[in-house]
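To keep things clear, I will list the structure first and then write my remarks on it.
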Amino acid sequence: MSLDESVDLVLNAFINAEPGDLFVRKSPASSIGNLATAIQEICKSNSADTEVIGIRHGEKLFETLVGSEEMAHSEENGDYFRIKIDSRDLNYSDYFQSRRKLPMTRGNAYTSDNTSQLSVNEIKELLLNTSGFSEMLVNAQ
């Protein structure tokens, strides 16, 4: 997320949040392979220098930004998900005395696997428009 996108997220939260709400920006994702290819193309490096070793023990295949339980209580707000605070009390005796069932709602999690995926060219454009990356390239030459 760029600095401008970060500021937009905070401003959006100031305008639309209730106390305790969480905001998550909808963002595209990238594979490590596409990111490596984009950097190699920008730096005019040889792709033969890259070795794919596969997933290691304990590594995740994707990141979960909003869990399925949170998605059940979220609302879409433009480029963001607003996750409302769960303010239910914990007095479960009310449920046992009245024999009501607790709601068991779930949504689909928002993950780096089910959001849009950036292509190599889109990653290159994003990197080249990032001031820190551009400065690094200039300093490396």
Taking only the alpha carbons of the chain, what extent do you get along each of the three principal axes, in Å, biggest first?
-> 71, 39, 20
Neighbours of residue 5 by Cβ distance under 10 Å: Lys/Arg at +1, Asp/Glu at -1, summed charge -2
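Near residue 65, within a Cβ-to-Cβ distance under 15 Å, what is the net charge of the other residues, with Lys and Arg +1 and Asp and Glu -1? Spell out each step's value before the answer.
Details: positive: 25, 26, 60, 82; negative: 5, 63, 69, 70, 76, 79, 113.
Around residue 65, the surrounding residues sum to -3.
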Listed residue (40, 112, 7) projecting farthest to the positive dipole end of the chain, Cβ model = 112
Residue by residue through region 60-72, the couplings from Karplus 6.51 cos²θ - 1.76 cosθ + 1.60 with θ = phi - 60°, in Hz, x for Gly and Pro, are 8, 7, 7, 9, 9, 8, 9, x, 5, 5, 5, 4, 5
With everything on Cα atoms, drop me the angle between helix 131-140 and the longest principal axis of the chain, reported from 0 to 90° to the nearest 10.
-> 30 degrees
Which angle from 0 to 90°, rounded to the nearest 10, does the C-alpha axis of helix 32-43 make with the longest principal axis of the chain?
-> 30 degrees
Dipole magnitude of the chain about its Cα centre (Cβ charges: Lys, Arg +1; Asp, Glu -1), debye to nearest 20 | 560 debye
Which value in nm describes the separation of the simple spin-label points at residue 31 and residue 126, placed 7 Å from the Cα toward the beta carbon?
-> 1.5 nm
Once amide H atoms are placed 1.01 Å from N in the peptide plane, what residues at a sequence separation of 5 or more from residue 117, or on another chain, have their amide H within under 5 Å of its amide H?
-> 29
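Highest first, please rank the peptides 57-65, 23-31 by the mean number of other Cβ atoms sitting within 10 Å of their residues. Numbers along the way, then the final one.
Numbers: 57-65: 10.0, 23-31: 15.6.
Top to bottom by mean Cβ count within 10 Å: 23-31, 57-65.
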antiparallel share of DSSP beta bridges within region 3-140, to nearest 5, in %, is 90 percent
Once label points are set 7 Å from the Cα along Cα→Cβ at both residue 7 and residue 46, what is their separation, rounded to one decimal in nm?
-> 4.4 nm
Which GluC sites (Glu not before Pro) does region 1-56 hold that lie in a coil by DSSP with at most 11 other beta carbons within 10 Å?
-> 51
Helical mean residue ellipticity (222 nm; -39500 (n - 2.57) per DSSP H run of 4+; nearest 500) of the chain | -11000 deg cm²/dmol
Counting Lys and Arg as +1 and Asp and Glu as -1, what is the net charge of the other residues whose Cβ lies under 10 Å from the Cβ of residue 17?
-> 0
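Read-outs throughout are calculated quantities, based only on the coordinates presented, and are distinct from any laboratory measurement. Computed from a predicted structure; not experimentally measured. Cβ coordinates were reconstructed from backbone atoms using ideal geometry, including for glycine residues, and neighbour counts include every protein chain displayed.
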